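> Provided herewith is a single structure, encoded as structure tokens, for subsequent inquiry.
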Amino acid sequence: MSDPYDNTPERTFAALPPAGGRGFAQTWWGQAWLKALEDAALDSQQVKTGRRLARAGAVGAVSVRPGRITAVVRDRDRTSHRADVLLQELSEEQWDRFLGMAVERAGHIAALLDREMPPHLVEDAAAAGVELLPGLGDLEAECDCDAWDHCGHTAALCYQVARLLDQDPFVLLLLRGRGERELLDELQVRSVPRTETEAPGQEQAYEGVDAAEAYADGDILPPLPDAPPVPAEPGLPPSLDTETDPAPGVDPAALEFLATQASHEAHRLLTEALRAGHEQRSIAAELTLAQDAVRLASGDPDTSVADRLAEGSGRDREGLALAVRAWEHGGTAALDVLEADRPAEAETLARARAALESAWEEDQRPALRASHNRWTVVGGRTQLRLGADGRWWPYRKERGRWAPAGPASQDPATALALAEGQE
């Protein structure tokens, strides 16, 4: 792997060994790239072909430079093809917003200057109008196999990038247009307080406006200002710690907890509403009382509130804890998978079997015992569950109960590797 502090805007990663039965991504950034890739809805057959090629070690050295990744990919017959995948670079304005956001958040700038990429950077960048991960249609393909769109070779290259992000998440920022050294140098400059860069006693001069001109222009409405940025953190609710006794039936601790959760939920909804493409997303179904109780329980309430939420959700405390874990991995879809044990429809079952068949090489496929929408590793403590949307959810057995082990994946091998990695 090339030196990340080299001034060249290109980095080259040596070819990686076959992935075998392990999942492609082990870190948050690698998994986020895979999710973005799978959500981009490449042709399913090409995705399967690319996954097989990448897992078999058919992707050669990968070159990463602004806007483009390149590698030579070998078919099973050893024919080599040059594959390129293009991702639009961020504009100067977008980089300015991204860097401004990072400087405003002490945690982000400290992590970046330590050469770390915190996962929350994606959400905060999106709130500033900058999408780091690729969206639908963002990944363009070029391959000398003459495919008009993505082929197995470009899909394999996309999967290999997830493994590169496991090694160094800064690869994503290089692909978006900025090398690591250039980025860190600019962050250091921006993080220096202005008072240190100005001469002592220097004051900023302001030019006035002629009163007659201002009066003459009074009937011209100025343009609307830009929307204010989303606050970095949710607001603090008012304290209920007063000398006045609460009214009968009012629990101040529970009320303070509800106010705090309402503040967090409002912050989340505002962040999503200002995110690019929000108007194209479907409106989520209203939560049931049991689902909303789980959502509230994810806010780490005290014991008395947690007991009331467990009762309201129809669970015991341990069952509520499992439901909260599922919620944190995938919201209502994950809750449905936790609780549903229903027979899969014939068409769904056929697709699931095909996915399991192609996810591993013949000699590496684990022995699985099927029951409804669940596949359990024979003699093991891990399980795959198939969601209604066709995604695979990892589970593992803990203290005699099946517990969620991570977010969903389109690839059953990735999901099972995540479950096994948590043991």
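The values are calculated or read from the model by the stated rules, or taken from the named source; none is laboratory data. It should be emphasised that the depicted structure is a prediction, and the values quoted were computed from it without experimental measurement. Because the Cβ atoms are built from the backbone with ideal geometry, glycine has one as well, and the counts that use them run over all protein chains shown. We work out accessible area using only protein heavy atoms, side chains counted, and drop any ligands, DNA or RNA first. Shrake-Rupley method; radii C 1.70, N 1.55, O 1.52, S 1.80 Å.
> Can you tell me which residue among LEU157, LEU173, LEU165 is at pLDDT 85 or above, crowded, with 18+ Cβ neighbours inside 10 Å and in contact with a strand residue (DSSP E or B) (Cβ under 8 Å, 6 or more places away or on another chain)?
LEU157
> Of the conditions (1) out of contact with any Asp or Glu (no Cβ under 8 Å at 6 or more places or on another chain); (2) without any contact (Cβ under 8 Å) to a residue 40 or more places away in the chain, ARG374 clears all except one; give me its number.
So ARG374 meets the others, but not (1).
> Might you check whether a residue that is among the hydrophobic types (A, V, I, L, M, F, W, C) and at pLDDT below 90 occurs anywhere in the stretch 375-391?
Yes.
> Mind listing whichever residues of the stretch 97-117 are outside any loop (DSSP other than H, G, I, E, B), exposed (fewer than 15 other Cβ atoms within 10 Å of the Cβ) and more than 20 Å from the chain's Cα centre (by Cα)?
Residues satisfying the conditions are GLY100, GLU104, ALA106, ALA110, LEU113.
> Say whether the condition of being modelled with pLDDT of 80 or more, assigned to a helix (DSSP H, G or I) and open to solvent by 70 Å² or more (accessible area, probe 1.4 Å) is met by at least one residue in the stretch 228-242.
no
> Residue under question is LEU139, and the condition is that it be within 18 Å of PHE24 (Cβ to Cβ), out of contact with any strand residue (DSSP E or B) (no Cβ under 9 Å at 6 or more places or on another chain), modelled with pLDDT of 85 or more and open to solvent by 10 Å² or more (accessible area, probe 1.4 Å); does it hold?
So LEU139 does not fit the description; no.
> Output the residues belonging to the stretch 124-169 that are touching a helix residue (DSSP H, G or I) at 6+ places or on another chain (Cβ under 8 Å) and of a type in the set (Phe, Trp, Tyr).
Selection gives TYR159 alone.
> Sticking with this one: What is the one condition in (1) under 24 Å from the mean Cα position of the chain (by Cα); (2) open to solvent by less than 10 Å² (accessible area, probe 1.4 Å); (3) modelled with pLDDT of 85 or more that VAL73 does not satisfy?
(1)
So that you can scan it fast, the table gives a plain yes or no per residue for (1) crowded, with 17+ Cβ neighbours inside 10 Å; (2) without any contact (Cβ under 8 Å) to a residue 40 or more places away in the chain; (3) within 16 Å of GLY177 (Cα to Cα):
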| residue | (1), (2), (3) |
| --- | --- |
| GLY30 | yes, no, no |
| VAL47 | yes, no, no |
| ARG52 | yes, no, no |
| SER63 | no, no, yes |
| ARG78 | no, yes, no |
| ALA83 | yes, no, no |
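> Do you know which of the residues in the stretch 333-351 that are closer than 30 Å to ASP292 by Cα and assigned to a helix (DSSP H, G or I) is modelled with the lowest pLDDT?
Looking at the filtered set, the residue picked out is THR348.
> Give the stretch 242-271 a look and list any residue that's within 22 Å of ASP300 (Cβ to Cβ) and touching a helix residue (DSSP H, G or I) at 6+ places or on another chain (Cβ under 6 Å), or say none.
ALA254, PHE257, GLN261, THR271, listed by residue number.
> Of all residues in the stretch 374-394, how many are touching a Gly at 6+ places or on another chain (Cβ under 9 Å) and either in a strand (DSSP E or B) or open to solvent by 10 Å² or more (accessible area, probe 1.4 Å) (or both)?
Final tally of qualifying residues: 3.
> Residues to consider are ARG308, ARG281; find the one that is open to solvent by 50 Å² or more (accessible area, probe 1.4 Å), closer than 22 Å to THR332 by Cβ and in contact (Cβ under 8 Å) with a residue 40 or more places away in the chain.
Exactly one residue qualifies, and that residue is ARG308.
> Are any residues in the stretch 320-336 open to solvent by less than 60 Å² (accessible area, probe 1.4 Å) and touching a residue at least 60 places away in the same chain (Cβ under 8 Å), and if so, which ones?
LEU322, ALA326, GLY330, ALA333, ALA334
> Say whether the condition of being assigned to a strand (DSSP E or B) and either acidic (Asp, Glu) or modelled with pLDDT of 75 or more (or both) is met by at least one residue in the stretch 13-34.
Checked against the condition, which is being assigned to a strand (DSSP E or B) and either acidic (Asp, Glu) or modelled with pLDDT of 75 or more (or both), the stretch 13-34 yields at least one hit.
> While we're here: Note down all Cβ pairs under 6 Å where the first residue falls in the stretch 245-271 and is open to solvent by less than 60 Å² (accessible area, probe 1.4 Å), the second is aliphatic (A, V, I, L, M), and they're at least six residues apart or on different chains.
PRO252/LEU240; ALA254/VAL305; PHE257/VAL305; GLN261/LEU296; THR271/ALA127; THR271/VAL230
> Within the stretch 353-371, how many residues turn out to be among the small types (Gly, Ala, Ser) and free of Cβ contacts under 8 Å to residues at least 40 places away in the same chain?
Selection size over the stretch 353-371: 4.
> Does GLU93 count as among the acidic types (Asp, Glu), in a helix (DSSP H, G or I) and at pLDDT 90 or above?
Yes.
Residue by residue, here is whether (1) open to solvent by 10 Å² or more (accessible area, probe 1.4 Å); (2) part of a loop (DSSP other than H, G, I, E, B); (3) at pLDDT below 90; (4) among the small types (Gly, Ala, Ser) holds:
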site	(1), (2), (3), (4)
ARG353	yes, no, yes, no
SER358	yes, no, yes, yes
ARG369	yes, no, no, no
ALA403	no, no, no, yes
LEU416	no, no, no, no
